[in-house]
Amino acid sequence: MILKLIREKYEKAVNPIGYARKQGTKVGENCKFVTAPNLGSEPWLIEIGNHVELSGYVTFITHDGSTWVFRDEEKYKDVIRYGKIIIHDNCFIGMGSYIMPGVEIGENSIVGAGSIVTKSIPANSVYAGNPAHKICSLEEFKNKCLNSTPIYDITSYQNDKKKVVT
């Protein structure tokens, strides 16, 4: 039993995408998981497209356990709430974000760090906050990044990033 837990922790750390797939999460090609995400109790309800990066400590919540409060009432005894989570191609999910049940994140979208995504996000958008709200379009964000990037020698950056960025 202990060996199994150690093996699982090791697999999550070394191969988080393989671990997610093993748990039933659909993960596309060319993805990057900085750390293994928290897949919750229904990882098979999560679909991640191609070229998606999950930063560290992303949490997927695929069910609403709050129904426990009233489920002992006869009228509500069979009430359960689950929701599939879909992240389309070419997205970035920032560190410490929570993705709630039933959310769909459109292609070419960015979710800022620490966001709580309670509603679906359209394609080509940048969202952040609690609850996550629209910050700007992807095109606006790309131009902002381009205009705020300092001029530096790319060869020096590749050779000694610490020196160049400091």
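Quickly run through the stretch 13-27 and pick out the residues that are β-branched (Val, Ile, Thr), open to solvent by 40 Å² or more (accessible area, probe 1.4 Å) and at pLDDT 95 or above. Quick ask: steps written out before the conclusion?
Here is the first cut: in the stretch 13-27, the residues β-branched (Val, Ile, Thr) are 14, 17, 25, 27.
So of that shortlist, the ones also open to solvent by 40 Å² or more (accessible area, probe 1.4 Å) come out as 14.
Selection gives nothing.
Residues checked against (1) within 23 Å of residue 103 (Cα to Cα); (2) in contact with a helix residue (DSSP H, G or I) (Cβ under 8 Å, 6 or more places away or on another chain); (3) in a helix (DSSP H, G or I); (4) of a type in the set (D, E, K, R):
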site: 11; (1), (2), (3), (4): no, yes, yes, yes
site: 29; (1), (2), (3), (4): yes, no, no, yes
site: 36; (1), (2), (3), (4): yes, yes, no, no
site: 57; (1), (2), (3), (4): yes, no, no, no
site: 67; (1), (2), (3), (4): yes, yes, yes, no
site: 71; (1), (2), (3), (4): no, no, no, yes
site: 75; (1), (2), (3), (4): no, no, yes, yes
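Answer yes if at least one residue in the stretch 42-59 is touching a strand residue (DSSP E or B) at 6+ places or on another chain (Cβ under 8 Å), on the phi > 0 side of the Ramachandran plot and open to solvent by less than 80 Å² (accessible area, probe 1.4 Å), and no otherwise. The answer is no; no qualifying residue exists.
Residue 108 meets the conditions (1) in a loop (DSSP other than H, G, I, E, B); (2) out of contact with any Leu (no Cβ under 7 Å at 6 or more places or on another chain) in every case but one. The failed one is (2).
Going by what's in this entry, would residue 63 be described as over 19 Å from residue 84 (Cβ atoms) and over 11 Å from the mean Cα position of the chain (by Cα)? So residue 63 fails the test.
Checked against (1) within 22 Å of residue 137 (Cα to Cα); (2) of a type outside the set (Asp, Glu); (3) surrounded by fewer than 12 Cβ atoms within 10 Å (Cβ to Cβ), residue 10 meets all criteria but (1). The number of residues in the stretch 28-41 being open to solvent by 50 Å² or more (accessible area, probe 1.4 Å), out of contact with any Gly (no Cβ under 7 Å at 6 or more places or on another chain) and not hydroxyl-bearing (Ser, Thr, Tyr) comes to 4. Going through (1) modelled with pLDDT of 95 or more; (2) in a loop (DSSP other than H, G, I, E, B) one by one, residue 41 falls short only on (1).
Looking at 83, 106, 102, 94, can you tell me which residue is of a type outside the set (Ser, Thr, Tyr) and either closer than 18 Å to residue 33 by Cα or in contact with a Cys (Cβ under 7 Å, 6 or more places away or on another chain) (or both)? If you could, list the steps in order and put the result at the bottom.
Details: 83 fails: either closer than 18 Å to residue 33 by Cα or in contact with a Cys (Cβ under 7 Å, 6 or more places away or on another chain) (or both); 106 fails: either closer than 18 Å to residue 33 by Cα or in contact with a Cys (Cβ under 7 Å, 6 or more places away or on another chain) (or both); 102 fails: either closer than 18 Å to residue 33 by Cα or in contact with a Cys (Cβ under 7 Å, 6 or more places away or on another chain) (or both).
After applying the criteria, what remains is 94.
When residues in the stretch 77-102 are screened for being part of a loop (DSSP other than H, G, I, E, B) and under 10 Å from the mean Cα position of the chain (by Cα), 5 of them pass.
Count, please, the residues in the stretch 107-119 that happen to be among the small types (Gly, Ala, Ser) and either open to solvent by less than 10 Å² (accessible area, probe 1.4 Å) or more than 13 Å from the chain's Cα centre (by Cα) (or both). Step through it out loud before you land on a result.
The first filter runs over the stretch 107-119 and keeps only residues among the small types (Gly, Ala, Ser), leaving 109, 112-115.
Imposing the further condition that a residue be either open to solvent by less than 10 Å² (accessible area, probe 1.4 Å) or more than 13 Å from the chain's Cα centre (by Cα) (or both) reduces the set to 109, 115.
Qualifying residue count, the stretch 107-119: 2.
Scanning the stretch 72-93 for residues that are open to solvent by less than 80 Å² (accessible area, probe 1.4 Å) and either more than 18 Å from residue 27 (Cβ to Cβ) or acidic (Asp, Glu) (or both) yields a count of 4.
The values are calculated or read from the model by the stated rules, or taken from the named source; none is laboratory data. Predicted model, so just to flag it, every value in this text is computed and none were measured. Using ideal geometry, Cβ is built from the backbone for each residue, glycine included, and neighbour counts are taken over all protein chains shown. Protein only, heavy atoms only, side chains kept; ligands, DNA and RNA dropped before computing areas. Shrake-Rupley method; radii C 1.70, N 1.55, O 1.52, S 1.80 Å.
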